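These notes concern the structure reproduced below.
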Amino acid sequence: MPDRAGDALLPLFVAPVFGVFSAHYLRRLFTVLRVLRHGERAAGYCVDIRWRRSRDSDTDTKYYIFAFRDRDGHEVRFEDHTRAFRGFTVGSPVRVSYDPGAPERSATIADRENWGAVAVPALLGTAFALVALVLTTVAGLVAGIL
């Protein structure tokens, strides 16, 4: 009988990578949902638009950088997942929700008009979790455990 456990190693080692990405995006999703429900609000604006070349293709992606002043008057700059859903220009006003304890990590412009900050981490987190689950299942089936 051939040793099939060795064939299961690749999917078993790759699955945690997808699990880490899933955890990252789902954590961001829950942070955004928490600050939308319990966070503070501030007026903000788009301060910069940047283009980045994708590492795995020849396409450029547009990123929006936003800024606002927290309750202590400090300027906070952040990037949010809005690029796929609505265009902004430098100076465009936005409404920011944030956790006063960690404004840099929690700031979002998510609202009814800017739902990309909720949709993107929800879709990516779910997709990465499903891939991790499939890889783990395949590894179990190949190894004869399942």
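The values are calculated or read from the model by the stated rules, or taken from the named source; none is laboratory data. Computed from a prediction, not measured in an experiment: that's the story for all the values here. Neighbour counts are summed over all protein chains in view; Cβ atoms, including those assigned to glycine, are modelled from backbone coordinates with ideal geometry. Keep in mind that these areas ignore ligands, DNA and RNA; they rest on the heavy atoms of the full protein, side chains included. Shrake-Rupley method; radii C 1.70, N 1.55, O 1.52, S 1.80 Å.
Take the chain, drop everything but the C-alpha atoms, weight them equally and run the Debye formula without solvent; then report log10 I(q)/I(0) at 0.13, 0.14, 0.15, 0.19 Å⁻¹ to two decimals.
-0.68, -0.74, -0.81, -1.08
How many percent of the accessible area of the chain is carbon or sulfur, using a 1.4 Å probe? Kindly include the intermediate steps, with their values, before the conclusion.
Working: 5500 of 9370 Å².
The C+S portion of the solvent-accessible surface of the chain is 59 percent.
So, in nm, how far is label GLU40 from label LEU123 when the simple model puts each one 7 Å beyond its Cα toward the Cβ?
Each label point lies 7 Å from its Cα, and together they span 3.3 nm.
If the only charges are +1 at each Lys and Arg Cβ and -1 at each Asp and Glu Cβ, what is the size of the charge dipole of the chain around the Cα centre, to the nearest 20 debye?
Values: 19 positive and 16 negative charges, 61 e Å.
Here the chain has a charge dipole of around 300 debye.
Under unit Cβ charges (Lys, Arg +1; Asp, Glu -1), what dipole magnitude, rounded to 20 debye, does segment 56-137 have relative to its Cα centre? Walk me through the intermediate numbers first.
Working: 9 positive and 12 negative charges, 50 e Å.
So the magnitude is around 240 debye.
Which whole-number value in Å² is the accessible area per residue of segment 14-146, probe 1.4 Å? Display every interim value, and only then the final one.
Numbers: 8130 Å² over 133 residues.
Per residue, segment 14-146 has 61 Å² of solvent-accessible surface.
Order ARG69, ARG50, most accessible first, counting only protein heavy atoms with a 1.4 angstrom probe.
Heavy-atom accessible area, descending, gives ARG69, ARG50.
How high is the relative contact order of the chain, in percent, counting Cα pairs under 8 Å that sit 6 or more residues apart? Working shown, then result.
Values: 243 pairs, mean separation 53.2, N = 146.
Computed over the chain, the figure is 36 percent.
Can you give the angle from 0 to 90° between the axis of helix 9-38 and the longest principal axis of the chain, with both taken from C-alpha atoms, to the nearest 10?
Approximately 30 degrees, to the nearest 10.
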